[in-house]
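Asker: Let me give you the structure first, and then I'll get to my questions.
The values are calculated or read from the model by the stated rules, or taken from the named source; none is laboratory data. Fair warning: this is a prediction, and the values are worked out from it, not measured in the lab. Here the Cβ positions follow ideal geometry from the backbone for every residue, glycine too, while neighbour counts run over all protein chains shown. We work out accessible area using only protein heavy atoms, side chains counted, and drop any ligands, DNA or RNA first. Shrake-Rupley method; radii C 1.70, N 1.55, O 1.52, S 1.80 Å.
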Amino acid sequence: MDGEEGIENAFKKLKRFFRGKRFQDSSWSWVVCISAAVCNAINLGFTLSFGVLFPELMRHFNATRERTAWVGSIGLAMVWFASLLAGYLCDHFGCRITCFMGGLLCIAGLVATSFANSLTVMYFTYGLVYGMGACFIYNSYFLVVGTYFKQKLSLAVGITALGSGAGVLYNGPLLQALLDAFGWRNTFRIMTATFALVCILSLNFNPNVETTSEVDVESETLDAEQKLGIKGRITFYCSVWTFPVYTFVVISITVGSFGMFIPIINLVKYCEDLGIKAQSASRLFIFIGLTSSLARILSGKLCEYPKINPVFVYQSSLFIGGVSALLLPSATEYWALVVFSCAYGTSDGIFISTSCYILLSCVDKKRKTASFCIECLLYSFSAATGGPIAGLMADQTGNYINSFYMTGGVVMFAFLIPFALIFINREKSRVSPIVSRE
């Protein structure tokens, strides 16, 4: 009997784990937050470290910078391009199932990539299959954090965003060590183990979250009404553009993302052009990861203070990133590249943390998924084209000087765009709006 009772209790605990009710800002919320941060470290940490693989793939396939850059750029773009699909899956099946599916797709994509015999095949296996899985994971962990937190949302987003900075911190040196020891094909196979961990952690994303706010209850009711019919859903998704902060920040993010990933994709190759060994170049990712991680957590904390406008904090990231890119052609010594890496890491950390926080808080609850997914879709197009265009310019000129000047100019333009909010009624430009009753 004791054995039967033990089994019955075990099943009850499993049932509670998978289907039991959870509450916002509870102790379980922090379990979800830490799980999301680890998933982010694995997911974006690997994707953003493609620059370490870049020179090796370029040599193996005897390809140009432009053609090789498309592999990483398509994969990076897909992290955001399929966000509408990922958001739909999160709304209808939950973040747990969507994230688990994403992990399986990433594993399949990396295994297939390890057998690729051309860059064209890698465009599909790594760019599309792996990128689609990474997109499912990415949207799941940010949306689930937005569901589990209300009072501590900015801190939770900062901790979650911290994950990718920590991921870059260890992925750069790790990938270089694996490349030196096992070659690029086995490196892809070994990295599948990390995405198996993502599948396990996704089980913590229990979709049954109770909220006590009347506004939340009202939002859920309105959300159900909006889902009646395709036309209603399209109108509902488009309604996010009625929020001024969302409109101008998304335009800025879309422009800025064109240049934000160019340095990290091309950094190792740029170092090799300067005569710096790949092992030393890959260690620059440690400085990027450290400063990015610190910036993410600090900027997330800053956004909690009512007197600090998160949009201005976000703009500071673009200013730092733009100036860093403009000065990068002057960084020809290793110490100067370390300084650049610290500045770029700081910019990247603030950019990711504040943009995610603004997207999750500048619209009402029922529009959070629409807000996040539409921005990610637009983000993907500019993120995909930046790296290859910079590579094409470098192929034609023989160096990265003009590419980095172009990068800095674009990022500085993105920095200026949110200033348009100054000319809009201040009440309508708040980051945390009054819940719409449309």
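Asker: Determine if region 78-94 includes at least one residue that is closer than 25 Å to S257 by Cβ, open to solvent by less than 10 Å² (accessible area, probe 1.4 Å), under 15 Å from the mean Cα position of the chain (by Cα) and not hydrophobic (A, V, I, L, M, F, W, C).
Answerer: Yes: region 78-94 contains one or more residues that are closer than 25 Å to S257 by Cβ, open to solvent by less than 10 Å² (accessible area, probe 1.4 Å), under 15 Å from the mean Cα position of the chain (by Cα) and not hydrophobic (A, V, I, L, M, F, W, C).
Asker: Separate question: Is it the case, given these coordinates, that L119 is over 15 Å from the mean Cα position of the chain (by Cα) and more than 26 Å from I374 (Cα to Cα)?
Answerer: In short, yes.
Asker: Go through (1) buried (at least 17 other Cβ atoms within 10 Å of the Cβ); (2) touching a residue at least 24 places away in the same chain (Cβ under 8 Å); (3) assigned to a helix (DSSP H, G or I) one by one and return the number of the condition M393 breaks.
Answerer: So the condition that M393 fails would be (2).
Asker: Please determine, by comparing only the residues of region 108-121 that are open to solvent by less than 10 Å² (accessible area, probe 1.4 Å) and without any contact (Cβ under 8 Å) to a residue 60 or more places away in the chain, which one is farthest from M191 (Cα to Cα).
Answerer: Among those residues, the one meeting the criterion is A116.
Asker: Among the candidates S316, S324, S353, single out the residue that is free of Cβ contacts under 8 Å to residues at least 60 places away in the same chain and part of a helix (DSSP H, G or I).
Answerer: None of the other options fit; the residue is S316.
Asker: Sticking with this one: Going through region 96-107 one residue at a time, which ones are open to solvent by 20 Å² or more (accessible area, probe 1.4 Å) and not aromatic (F, W, Y)?
Answerer: R96, I97, M101, L104, L105, I107
Asker: Quick test for you: out of T346, T291, pick the one residue that is in contact with a Cys (Cβ under 7 Å, 6 or more places away or on another chain) and open to solvent by 20 Å² or more (accessible area, probe 1.4 Å).
Answerer: Step by step, each of T346, T291 is checked, and only T291 is in contact with a Cys (Cβ under 7 Å, 6 or more places away or on another chain) and open to solvent by 20 Å² or more (accessible area, probe 1.4 Å).
Asker: From the list F340, F243, F285, F319, exactly one residue is modelled with pLDDT under 90 and open to solvent by 10 Å² or more (accessible area, probe 1.4 Å). Which is it?
Answerer: Working: F340 fails: modelled with pLDDT under 90; F285 fails: open to solvent by 10 Å² or more (accessible area, probe 1.4 Å); F319 fails: modelled with pLDDT under 90.
After ruling out the rest, the residue left standing is F243.
Asker: Note down all Cβ pairs under 6 Å where the first residue falls in region 68-89 and is more than 17 Å from Y126 (Cα to Cα), the second is among the β-branched types (V, I, T), and they're at least six residues apart or on different chains.
Answerer: Qualifying pairs under 6 Å: G87/T369; L89/T98.
Asker: Residue by residue through region 27-45, note down the ones that are open to solvent by less than 10 Å² (accessible area, probe 1.4 Å) and either at pLDDT below 90 or not in a helix (DSSP H, G or I) (or both).
Answerer: Correct list: S29, L44, G45.
Asker: Tell me which of these Y130 doesn't satisfy, since it passes every other one: (1) in contact (Cβ under 8 Å) with a residue 40 or more places away in the chain; (2) more than 16 Å from L201 (Cα to Cα); (3) open to solvent by 10 Å² or more (accessible area, probe 1.4 Å).
Answerer: (3)
Asker: From the list L105, L89, exactly one residue is in contact with a Gly (Cβ under 6 Å, 6 or more places away or on another chain) and assigned to a helix (DSSP H, G or I). Which is it?
Answerer: L105
Asker: Can you tell me which residue is farthest from the chain's Cα centre (by Cα) among those in region 46-66 that are open to solvent by 10 Å² or more (accessible area, probe 1.4 Å) and touching a residue at least 60 places away in the same chain (Cβ under 8 Å)?
Answerer: Once the filter is applied, the top-ranked residue is H60.
Asker: Kindly indicate whether any position in region 249-264 is outside any helix (DSSP H, G or I) and either in contact with a helix residue (DSSP H, G or I) (Cβ under 7 Å, 6 or more places away or on another chain) or open to solvent by 10 Å² or more (accessible area, probe 1.4 Å) (or both).
Answerer: Yes.
Asker: Please go through region 133-189 and give me each residue that is of a type in the set (S, T, N, Q) and open to solvent by less than 10 Å² (accessible area, probe 1.4 Å), ordered by number.
Answerer: Across region 133-189, the qualifying residues are N139, S140, S154, T160, S164, N171, T187.
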